[in-house]
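The values are calculated or read from the model by the stated rules, or taken from the named source; none is laboratory data. Being a predicted model, the structure only gives us computed values, none of them experimental. No Cβ is skipped: glycine too gets one built from the backbone with ideal geometry, and neighbour counts run over all protein chains shown.
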Amino acid sequence: MLKYFITIVDSASICAATLSSIFLCYSVFKESYLSTEYIGVRTVFFNKFDKLPFDIFLKLTTDKYVKALNVGDHINDEFIKKYVSKKVFEFFLEKKAFTKYEDLIFDFHSNAKVLLVEGRKIKVPDNENLNLMIEDLGVSKKEIKKINEMSTRIMIDLNNTHNNITKLLDNFTSSKESFTYDHSYLTAIMSCQIAGINEWGINHNKEKLCLAAILHELSDSNQYQKTLKYQVAEQDLTNGISPQLLENVKILSGHLRELDSIPIDVISILENSLNFTQATLSPLICCFIVGHQYVLELYKAGFNNSHNNDILERLNTIFPNDNLNKQVKNLKHALEN
């Protein structure tokens, strides 16, 4: 699989302490977002629906909304594209409907595709809806295609090489009730975007970030029963570090060290991804930490592009460490170019 010369990063000092109160809490950010009676949701999130489980509205003025479709109405690509062509990029839901259906709205995950590889059937996710949303954030189609192909190839390699984690990967690729794969794929895309701004951001380092993004979601076998809100809060560094999550990562890393084909750099990323207060983190680990937290912030902001500058400012507050802060600046540069 992936084999490279590696610099071993000391992982002995993983931090279990909670963060300082200077960090803004998830609830504060979310309450700000939910402060109005109608919540805007990007049109890309409606591609998954055939019949709507809620009413959707169009915003006419600051405080005036008109119903566009009723609960039970059909919605299709033609309807969505008609409004996008008119520069309408959001449909609105009543706040109570948004709160009820939030998990469903922000589940990009399409049915897993089945590929035939050397006579063996392997499930990999269909990333179409995710890719549309990522492009909407400012990532180029070329970069999305590159990371998509890289991620798919890694999934195939893991399935072919490690029978002991194939069952976990099956759950990972076909679980439609959780954000595990969506979050993993988005983390891979964004951390690779950041890496690409660095001189060392070549493909084999991006492959390590993609592999780490996939593996970090396999540490908790109970995650598929958890709600989106719970999983975002559990992994969000601004809420402090979950002792259970820390233990799960430690156990996973121990198993991975027994597999020769998993680069030690990847294991170091996993072990240190919660250790962001350490001053000597490698640039590769910093890219992963910043990309991972950026994706969680997107979830918290409802993937609303208008919050992007606020999110980047938040990351500056969360990561005052020079090495991490440099990668926040690189993320901003990557999204602007």
Inset, instruction - Kindly check whether there is at least one residue in region 222-242 that is part of a helix (DSSP H, G or I), at pLDDT 75 or above and over 16 Å from the mean Cα position of the chain (by Cα). - result: no
Inset, instruction - Inspect region 33-50 for any residue being among the hydroxyl-bearing types (Ser, Thr, Tyr), surrounded by fewer than 10 Cβ atoms within 10 Å (Cβ to Cβ) and modelled with pLDDT under 90 and give the result as yes or no. - result: yes
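If a residue must be among the aliphatic types (A, V, I, L, M) and surrounded by 17 or more Cβ atoms within 10 Å (Cβ to Cβ), how many such residues does region 247-263 contain? If you could, list the steps in order and put the result at the bottom.
First pass over region 247-263, keeping only residues among the aliphatic types (A, V, I, L, M): 249, 251-252, 256, 259, 262.
Narrowing further to those that are surrounded by 17 or more Cβ atoms within 10 Å (Cβ to Cβ): 249, 252, 256, 262.
Total satisfying the criteria: 4.
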Legend entry - Unmet requirement for Ala97, which otherwise passes all of (1) farther than 21 Å from Asn131 by Cβ; (2) surrounded by fewer than 18 Cβ atoms within 10 Å (Cβ to Cβ): (2)
Inset, instruction - Can you tell me which residue within region 209-221, out of those that are buried (at least 18 other Cβ atoms within 10 Å of the Cβ) and assigned to a loop (DSSP other than H, G, I, E, B), is modelled with the highest pLDDT? - result: Ser219
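Per-residue answers, yes or no, for (1) crowded, with 21+ Cβ neighbours inside 10 Å; (2) of a type outside the set (A, V, I, L, M, F, W, C):
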site	(1), (2)
Cys286	yes, no
Leu296	yes, no
Tyr299	yes, yes
Leu312	no, no
Asn323	no, yes
Legend entry - strands (runs of 3 or more DSSP E) wholly inside region 85-149 that include at least 1 residues being modelled with pLDDT under 85, under 13 Å from Asp182 (Cβ atoms) and in contact with a helix residue (DSSP H, G or I) (Cβ under 7 Å, 6 or more places away or on another chain): none
